[in-house]
Amino acid sequence: MNDVWAFFSFSDPTVRIVSLGTVFLAMSASVVGTFAFLRKRALVGDAIAHAILPGIAIAFMLSGTKNPIVLMMGALISGWLATWAMEYITEKTKLSNDTAVALVLSVFFGIGIMLLTHIQHSGTGNQSGLDQYLFGKAAGMTEQDLWTYSVVALLLLTVVISLYKELKVYSFNPDFAAVSGLPVKAIRRILNLVTVLAIAIGIQSVGVVLMAALLITPAAAARAWTSSLKIMLFLAALIGGISGLSGSLISYLSPAMPTGPWIVMTLSIITLLSLFFAPRGGALSRLLKQRRHSQKILNENLLKVFYKLSVERKLEKSGLNVAELLAERAINKSDFAAAIKRLKRKNWLLAEGKKLKLSSIGLVEARRVVRLHRLWEMYLSQRLNLKEDHIHPNAESMEHIISPELEALLLKELDFPTQDPHNSPIPYSN
Amino acid sequence: MKNQTALEVHNLTASYQRKPVLWEIDFKVPSGHLIGILGPNGSGKTTLLRNIMNLMEADSGYVKIFGKDLDEVRSRLSYVPQRESVDWNFPASVREVVEMGRYRPGNLLRRLKSSDKQKVKASLEKVGMLAYADRQISELSGGQQQRVFIARSLAQEADIYLMDEPFVGVDAATEEAILSILSGLRDEGKTVLIVHHDLQSAYQYFDWMILLNTRLIAAGPKEAVFNSTHLREAYGGKLNLLSKLGEIIAREQFPLREPDFKEKEGSGDE
C-alpha cells in the first residue's frame, strides 16, 4: 500500500517521467486510433507499427546515437513509406487492401528484424537499447524523451481539435467530402502523419508488436458507451490514459513486470467490461432485455388463460385456483409463481382467499392480448392464405410483439373483424 | 436560368480497374430538369456519376458544369451517395450528418455559423426529419437514412444535384416525399440527375433521360428516349464485340488511349 502511495505522490522523478510519458503517449495513440477505428483501418495501424522498425534501425546505424528525435525521424520516414506503399498497392494493383496491409507489415518488419540482428552482432557499445522497440520498455524513458512525447502529444491534440469537423466528415463519407471541395488529400496526409507520429512515440512503451492494441482498443471500449464522436474521443483518451498509468504503476510495484503488456492487459479488461456492461448493445443489457421479454410473454400467456377460463368458459365467477390454471397451460411451477406475483403487483389479478380473479384493468389487458392473437390469426389466414392448423403457433408469438400502432393498422386492413378463423369472437375493449 | 446548359459530358471514356466501362459518352443536359440516368446493371451509371464529380479520372474526354471546370463551380454541385456506401454505425446524430452539408473550403478549421445551423434545421424540416434531429443515425430506418442524406444535400444549396439510387430500399412514404422534394427543386430551376435502375417508375419520375449501356444509347426528353427501340438496345442483346474488346484490354494491359491522345481541352478531369 505504501508503494502505491509512493507512486501517486510522484516524488520520485523517474516515476514522474515514466508515468507521465506513458500516459501522454497512450492518450495520443487512443485519440488518433479512434479515427483509424472508425475508418475501419485497425490493421493499418498494426502494419505501420511494424514498419517503423527498419526506420529506427537505419536511423541508428547512420547516426550512431539513440537520441529520440533522430530515431523518431527514422520511424516517421519508414512509417510514412509504409502508408504510401499500402495505398499504392491497393490503388494500382488488383490486390485487395488486406493483402496490401499484410504484405507491407511482413516485408518491412522482416527488414527491421534483419537490421536489428545485424546491429546487435556488430558490437556497437550502446546497441542493446534498440530491442526495446520490439516489446517496449517504458522504464528506460528519459526526461528528454518525456519532452519529445509531450510536444508530440500536444501537436496531435491541436490537429485533432482544429480539424475535428473535417476529420469527422472524412471518416464518415470521404467521397462526399471530396465533392464538397474539402481538401481530402491534405486531410488524409495529415491523418496519416499524426497516426505515424502517435505510433512512433507509442512503441517506446508498448513496442511494435502490441502497438495496434493501444491504437484500437480504447476506441472500441469508448464506442460501447457513447454514440457521440466528441465524447468517444474524450473517453478513448481517458481509457488510454488510465491504462498507461496503471501499466506504469504495476511495473513500479513489481519491477519484473513489463509496462507495455500490462497497459494492454488493462486496456483489454476495460474493453471486455465495456462490451459487457454497455447500456446499448452490451451483453448485460441484452440479457436483461431478453429476461424482460420472457417475463412479458409469461404474464400475457397467464392473462390469456384467465380470460379463457373465467370469461369464455364462465368457470368460477369467484375466481380460479392454481390447479385449474396449470391444467389449462403447462408452466413450470416457479415461473408460474413469479408471474402470478408480478400480475398481482400490477393489480391485474386480485386474490380472494386461495383463489385468483382478473381485476377490471386486468381484464382490459387480457382482452388486448386475446384480441391481438385472434387478429393476427385472421391476418395470416386472409392475407397469407395459411392453413388453419398453421396459424395458431405463429400468432402465439406475434401477440406479444404487436405494438398499438401495428394493431391500428391491422384493424384497418382487416376492417374490424368480429370473429377469428376458428370462429371465436374477437374481444374489443368496448 | 432554365434550359441553359447545366452539364456537358464530352467524349468521355472511362475504365474501372483497366476495364473500360464507358465509351465515348457525349451529351449535354439543360438546367431545370429532373433527369434519370438509366441502364442495366454494370452499364456504367455510377461510373458516369463519379466521373462527373471527378472522383475518378477519365481516360479521355472532359466534363463541364455550367460551362466551367468542376473546381470553379464546386459550391453549385451537391452529391448524394448510395445509402449503403457509408457505415451507419458511425457515432453521429442526424443533425451532425446534415451539418456536413455546410462544411466548405471557406469554413475550414472553423465552427459553423448560426446561419449554417438555421439552414440545417430548414433542410431537416423539408424532409420531415426535424423531430429526429438528435437521434443517432444508427437507429434510423432505411427510408429515414435516405431522408437524412437528402437533407444534407439540400443544406448545400446547390444548383445541380447528383444522386446515386436514392429510391433503393426506401418505404413508399419516403419515396413520395423524396420525389416531391426533387420536383420542388426542379421547379426552382435546379438540375437534378438521378442514377436509377427501375424502369417501371422511371417514366413517371423523370422528364429527361440518359440511357446508358457502356455507350450512350440516347439522351433527351423522356418522350424521345423512352421507346422500345432504345430500351431494347440498352437492355436487350449484349454488345458482344465491345465487351469482348473491353475484356482483352483489361487482360492484356493495353492502354485505352495512346499517350498523346488525351482530349483534355480545359482539362475538367485532372
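Enter the mean projected area of the convex hull around the alpha-carbon atoms of segment B:35-121, in nm², rounded to one decimal.
8.2 nm²
The amide H of B:Arg135, built 1.01 Å from its N in the peptide plane, has B:Val94, B:Arg95 as neighbours under 5 Å, considering only residues 5 or more places off or on other chains. Between A:Thr158 and A:Glu312, residue separation times 0.36 nm minus the direct Cα-Cα distance comes to 48.2 nm.
Sites listed here are trypsin sites (Lys or Arg not before Pro) in segment B:62-131 whose DSSP assignment is loop and whose Cβ has at most 16 other Cβ atoms within 10 Å: B:Arg110, B:Arg111, B:Lys113.
Residues A:Met61, A:Met114, A:Met72, A:Met211, sorted by accessible area with the largest first, give A:Met114, A:Met61, A:Met72, A:Met211 [1.4 Å probe; ligands and nucleic acids excluded]. The dipole here belongs to chain A: it is taken about the Cα centre, uses +1 on the Cβ of Lys and Arg and -1 on the Cβ of Asp and Glu, and is about 1400 debye. Stokes-Einstein diffusion of segment A:287-387 at 10 °C, 1.306 mPa s viscosity, Kirkwood radius from Cα pairs, rounded to a whole number: 110 µm²/s. Where q = 0.19, 0.21, 0.27, 0.31 Å⁻¹, what log10 of I(q)/I(0) comes from the Debye formula for segment A:269-318, counting one point per Cα? Values returned for q = 0.19, 0.21, 0.27, 0.31 Å⁻¹ are -0.67, -0.74, -0.89, -0.99.
Coupling constants for segment A:355-360 follow from the phi torsions by the Karplus curve (6.51 cos²θ - 1.76 cosθ + 1.60, θ = phi - 60°), and in residue order they are 9, 10, 9, 6, 7, 5 Hz; glycine and proline get x. Converting phi to 3J(HN,Hα) with the Karplus coefficients 6.51, -1.76 and 1.60 and the offset θ = phi - 60°, segment B:44-59 yields x, 4, 5, 4, 4, 4, 5, 6, 4, 8, 6, 7, 9, 9, 7, 7 Hz in sequence order, with x at every glycine or proline.
Just the ratio, please: alpha-carbon radius of gyration of the protein assembly as shown over 2.2 N^0.38 Å, N its number of residues.
1.23
Comparing A:Gly362, A:Gly45, A:Gly202 in a Gaussian network model of chain A where C-alpha atoms under 10 Å apart are linked, the largest mean-square fluctuation is found at A:Gly362. Label points 7 Å out from Cα along the Cβ direction at A:Leu326 and A:Trp84: separation in nm? Distance between the two pseudo-spin positions: 7.9 nm. Magnitude of the charge dipole for segment A:363-414, about its Cα centre and with charges confined to Cβ atoms of Lys, Arg (+1) and Asp, Glu (-1), is about 140 debye. Pick out which of A:Ile190, A:Ile402, A:Ile113 has the largest mean-square fluctuation in a Gaussian network model of chain A, springs linking Cα atoms closer than 10 Å. Of the options given, A:Ile402 has the highest mean-square fluctuation.
Just need log10 I(q)/I(0) for segment A:363-414 at q = 0.21 Å⁻¹, Debye formula, equal scatterers on the alpha-carbon atoms, no solvent, rounded to two decimals. Per q value, in the given order, log10 I(q)/I(0) is -0.70. Residue by residue, segment A:418-425 carries 3J(HN,Hα) couplings of 9, 10, 8, x, 8, 6, 7, x Hz when phi is fed to the Karplus relation 6.51 cos²θ - 1.76 cosθ + 1.60 (θ = phi - 60°); x denotes Gly or Pro. Amide H to amide H distances under 5 Å link B:Arg215 with B:Trp23, where only residues 5 or more positions off or on other chains count and H is placed in the peptide plane. Normalising the average separation of contacting C-alpha pairs (under 8 angstrom, six or more residues apart) by the number of residues puts the relative contact order of segment B:5-252 at 29 percent. Per-residue mean of foreign Cβ neighbours for A:161-170 is 4 (Cβ atoms of other chains, 10 Å radius).
Counting only protein heavy atoms, what percent of the accessible surface of segment A:2-279 is carbon or sulfur at a 1.4 Å probe?
Carbon plus sulfur share of accessible area: 73 percent.
Lys/Arg Cβ at +1, Asp/Glu Cβ at -1, dipole of segment B:5-252 taken about the Cα centre: which of B:Pro30, B:Pro91, B:Leu12 is farthest positive-ward? The listed residue farthest towards the positive side: B:Pro91. The trypsin sites (Lys or Arg not before Pro) of segment A:1-91 meeting both criteria, a DSSP state outside H, G, I, E and B (loop) and at most 11 other C-beta atoms within 10 angstrom of the site's C-beta, are A:Lys40.
Other residues whose C-beta falls under 12 angstrom from the C-beta of B:Leu154 contribute a net charge of +4, scoring Lys and Arg +1 and Asp and Glu -1.
Considering only C-alpha atoms, what is the centroid distance from segment A:401-427 to segment B:3-60, in Å? What the calculation gives is 52 Å, centre to centre. Rg and Dmax over the alpha-carbon atoms of segment B:5-252 stand at 18.5, 57 Å. Net charge in the neighbourhood of A:Gln204 (other residues with Cβ under 13 Å of its Cβ; Lys, Arg +1, Asp, Glu -1) is 0. If you run the Gaussian network model on chain A, springs between alpha carbon atoms under 10 Å, then out of A:Ile270, A:Ile111, A:Ile201 the most flexible one is A:Ile111. Accessible surface for A:Ile331 stands near 30 Å², nearest 10, in the context of the full protein assembly shown (1.4 Å probe). Close amide H contacts of A:Arg329 (hydrogens built in the peptide plane, cut-off under 5 Å, sequence separation of 5 or more or a different chain): none are found. Cross-link check: pairs B:Lys64/B:Lys113; A:Lys168/B:Lys119; A:Lys168/B:Lys121 evaluated at a Cα-Cα cut-off of 27 Å; pairs beyond the cut-off: B:Lys64/B:Lys113. With the whole protein complex present, B:Ser114 retains an accessible surface near 90 Å², based on a 1.4 Å probe.
In a simple Cβ point-charge model (Lys, Arg +1; Asp, Glu -1; nothing else charged), segment A:285-358 has a dipole of about 400 debye relative to its Cα centre.
The candidates A:Ile199, A:Ile161, arranged from most to least accessible area with a 1.4 Å probe in the full protein assembly, appear as A:Ile161, A:Ile199. For segment A:227-304, the list of trypsin sites (Lys or Arg not before Pro) that fall in a loop by DSSP and count at most 15 other C-beta atoms within 10 angstrom reads A:Arg280.
The values are calculated or read from the model by the stated rules, or taken from the named source; none is laboratory data. This is a predicted model, so every value here is computed, not measured. Heads up, the Cβs are rebuilt from the backbone with ideal geometry, glycines too, and the neighbour counts pull from every protein chain shown. Ligands, DNA and RNA are excluded from the accessible area calculation, which covers all protein heavy atoms including side chains. Shrake-Rupley method; radii C 1.70, N 1.55, O 1.52, S 1.80 Å.
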